[in-house]
1. Here are some residues: A:Leu58, A:Leu52, A:Leu62, A:Leu31. Which one is modelled with pLDDT under 95 and either under 19 Å from A:Ala104 (Cα atoms) or of a type outside the set (Phe, Trp, Tyr) (or both)?
2. Which strands (runs of 3 or more DSSP E) sit wholly inside the range B:1-82 and have at least 1 residues that are more than 24 Å from the chain's Cα centre (by Cα)?
3. Output the residues belonging to the range A:49-80 that are polar (S, T, N, Q) and in contact with a strand residue (DSSP E or B) (Cβ under 7 Å, 6 or more places away or on another chain).
4. Within the range B:137-160, can one find any residue that is within 30 Å of B:Asp289 (Cβ to Cβ), assigned to a loop (DSSP other than H, G, I, E, B) and in contact (Cβ under 8 Å) with a residue 24 or more places away in the chain?
5. Can you give me the ranges of the helices (runs of 4 or more DSSP H) entirely in the range B:385-425 with at least 2 residues that are among the acidic types (Asp, Glu) and over 21 Å from the mean Cα position of the chain (by Cα)?
6. Looking only at residues that are in a loop (DSSP other than H, G, I, E, B) and in contact (Cβ under 8 Å) with a residue 60 or more places away in the chain in the range A:66-94, which one is farthest from the other protein chains (Cβ to nearest Cβ)?
7. How do the pairs read when you match residues in the range B:95-121 that are touching a residue at least 40 places away in the same chain (Cβ under 8 Å) and hydrophobic (A, V, I, L, M, F, W, C) with residues anywhere that are surrounded by fewer than 17 Cβ atoms within 10 Å (Cβ to Cβ) and assigned to a loop (DSSP other than H, G, I, E, B), using Cβ under 6 Å and keeping only pairs 6 or more apart or on different chains?
8. Looking at (1) over 17 Å from B:Gly191 (Cβ atoms); (2) more than 21 Å from the chain's Cα centre (by Cα), which is the one condition that is false for B:Asp281?
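The values are calculated or read from the model by the stated rules, or taken from the named source; none is laboratory data. All values reported here derive from a predicted model rather than from experimental measurement. Positions of Cβ are generated from backbone atoms using ideal geometry, with glycine treated the same way; all protein chains shown enter the neighbour counts.
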Amino acid sequence: MREFKGRIVTPGTVTAEAVVSHGGFNTLASLQKALQFGDKTVTVGDQNNPDLYGKSILGKALCLPQTIGSTTGGLVLYCACSMERIPACMLFANHIDSLAAAGAILADVWLDNVTMPVVDCLGDEFLEYVKDGMQITIKEDGVVVVE
Amino acid sequence: MMKLTDEQQAILDGAQGEVLAKVMKTLVMYGETFGAEKMVPVTSKYNHLVTSFGLKMLGPVYELMDKLIEAGAVSQQKFSVDPRPVDKNVPANFLQNLIFNKIMYSKQDFYEEQLNKLGLMEKDAFTCACYLDEVGNVPKKGEVLSWAESSAVVYANSVLGARCNRNSGIMDIMGSVVGYVPYFGLLTDEGRKATWVIRIETEKKPEAQLLGSAIGMKVMEDVPYVFGLDKWLGTELDEAACSYLKDFGAATASNGAVGLYHIDNLTPEAKELGEELIAQDANVYVIDDAELERVKNNYPIMWKDKDAKPKLCFMGCPHMSLEQLKTWTDRVEAGLKEAGNNKVVIPTVFTASKPVLREFEKTEYAERLKKTGVITSYICPLMYMNNPLCGKMPVITSSNKLRTYTTSRYYTDDEILVQITKGGK
C-alpha cells in the first residue's frame, strides 16, 4: 500500500479499481465510440493506446499522465459526464492539461448531480507504481491511496 | 487566487445575470487551475470554434448553447468554425447517407442555427484552416485569441505568432462571450519557451505529417524548437512553407498535444529571438530517416483485411490550401500519365474550405483536376469516418490526424500518389 499526495482539481472521495494509461489519454479517440454508438461499457477506442484499447473505463479509477489530442476533448468529457459514461475519477501524474481541465470544470459548473473527482500532480512514481486492478481510494485532502 | 478587475468581479458576482456569472466562473476556475493571476482581453478580430457538427450525442453541448442564447450571452466577436460533417459530393451509399443524415448528424441544421445566433462570420465560414487568406480569419502577431481546434491553434501560435492556449470546445466561445481569457501558458513569454530541441538530420525532406507525428509523440504538450528544417523549407514563410507547416503542426497537435513550435530561421518568434527561446536544460530529440521509418512502421493498421483494396482516399485533413490543390493537380496528372491511366483508380476526395475551393474554381487547375476524377469537397473527413460503416471501409490518407482518430491507413504523399494513379498495377 502506498499513498500519493496530489492537488484537487474537482473535489470528491471515491474508491474504485485502477485502469492505467502510461501514454497520453486521447479523449476524442477514446470516447467517441462510447458516446456516439451507445456503448454503455465505455470501451476505449483509441488504437494508439495499447494500455487501454478495448478496455472498459466505466466506473474505474483512470490513472494517466495527461490527456492529448483534439480540442474537442473538453466538450467530449463534458458530454460523457452529462451522460454518466465516465470513470469514477481521473488521476493525473502530471499537471492536468487544458482540455481535461475544461471538461472537468465545465461539468462542475454547469451540470448538477455529477461527481467525478479529479486529482493531478501525483508524480511519475504514482504511474510507475499503480497497476491495472489495484484498488484506489481518494481521500478528502487529495491523498490517493493505492493498494 | 486570480485578481479580477472591478468589471470582471461584477460579472462573476452576477451583475449581468446568472448565466454570464457562470461563464466567468468557468473561466476563472480554468485560469486558477493553471496558476493564472489575471484575465486579459481577447484582441483578435475573430474567434474560431471547434464544434461544427450537429451530432446527436452532443445534446448536453446544445443545451448549454441554448442557455447562452436565451440569456443573450452571445459572442462579442464573429467566429469561424470547423468543417461541416456531410457533403453530398463525397461518395456514400444509401445506408451511409441514412446514418449520416437521420442518425448521427440529425442535429446539424439545429446547431447551425445556434451558431448563427451566437455569431458565425458568414454561412461558409466552416473550415479547420480558417487562417488561410481566402477565409480571412488571420490573426496578427501578438494578438490574444480564444480559439479551439488543435491544428488552428498550433498554426496561429507558431506561424502567425498570435497567442492562444489549447482551449477546449465550449471554453473557446466562453472567452469571446465575456471578452477575456485567463493569462497563462502559451499567452505568456515564459510559456512560449521551448523545452525540447529537435535536430533534423534526414537525407531528404521529411514528410510533414510524419515528422509532426514523431515530434508530437515525443514532446507531448511541450514546446519544441526545431533545427535543420529551414534546410528543406527555406527561410521565408512562402505558400509552400505555410502549407507544410499547416500539416506538420496538425500532426504534432493530434499525435501529441503541441500548441506551439518554433522553426529555426523560419517562424516569426524564432527569427526574432532565435535560441533565446530555448529553456535551460531542454531535452534533445534527433530525427533521421531511420527514426521516421521507425515511427511510421509502428502505426497500427486497423483494417480487418490488411491486404484489402482501398475504397476511398482522403486528402486534406487539415483542409488543403490553394497552393496544395494546384500542386496536387500537377502531381496527379503526372502520375496518371506515367501509369497510362486517364482517371484515378481509387475514389479520391480532396477537402478544402468553400472560400479556397471558390478561388480554385477560378483557375485552370480546377478543370484539369476534375478530368483526373478527383472529387473536391468542404467536408471534414474525420467526421465522415466516425461511424461503424465508414470505419470498416479501407480508407487511405496521408493525414496523420485522420489516421489517429479513425481506422484510415497512413501512407506518405508519394505512396498515396502511386495508390491513386497506378493502384495495384
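1. Working: A:Leu58 fails: modelled with pLDDT under 95; A:Leu52 fails: modelled with pLDDT under 95; A:Leu62 fails: modelled with pLDDT under 95.
Matching residue, one of A:Leu58, A:Leu52, A:Leu62, A:Leu31: A:Leu31.
2. Values: elements: B:39-41, B:47-49, B:79-81.
Filter on the range B:1-82 gives B:39-41.
3. Here is the first cut: in the range A:49-80, the ones polar (S, T, N, Q) are A:49, A:56, A:66-67, A:70-72.
Correct list: A:Asn49, A:Ser56, A:Gln66, A:Thr67.
4. Looking through the range B:137-160, at least one residue is within 30 Å of B:Asp289 (Cβ to Cβ), assigned to a loop (DSSP other than H, G, I, E, B) and in contact (Cβ under 8 Å) with a residue 24 or more places away in the chain.
5. On the way: elements: B:388-391, B:400-405, B:413-421.
Fully inside the range B:385-425 and qualifying: B:413-421.
6. Of the residues in the range A:66-94, the ones in a loop (DSSP other than H, G, I, E, B) are A:66, A:69-72, A:83-88, A:93-94.
Add one more test, that the residue is in contact (Cβ under 8 Å) with a residue 60 or more places away in the chain, and what stays is A:87-88.
On the way: A:Pro87: 17, A:Ala88: 20 Å.
Looking at residues that are in a loop (DSSP other than H, G, I, E, B) and in contact (Cβ under 8 Å) with a residue 60 or more places away in the chain, I get A:Ala88.
7. B:Leu118/B:Val74; B:Met121/B:Lys78
8. The number of the failed condition is (1).
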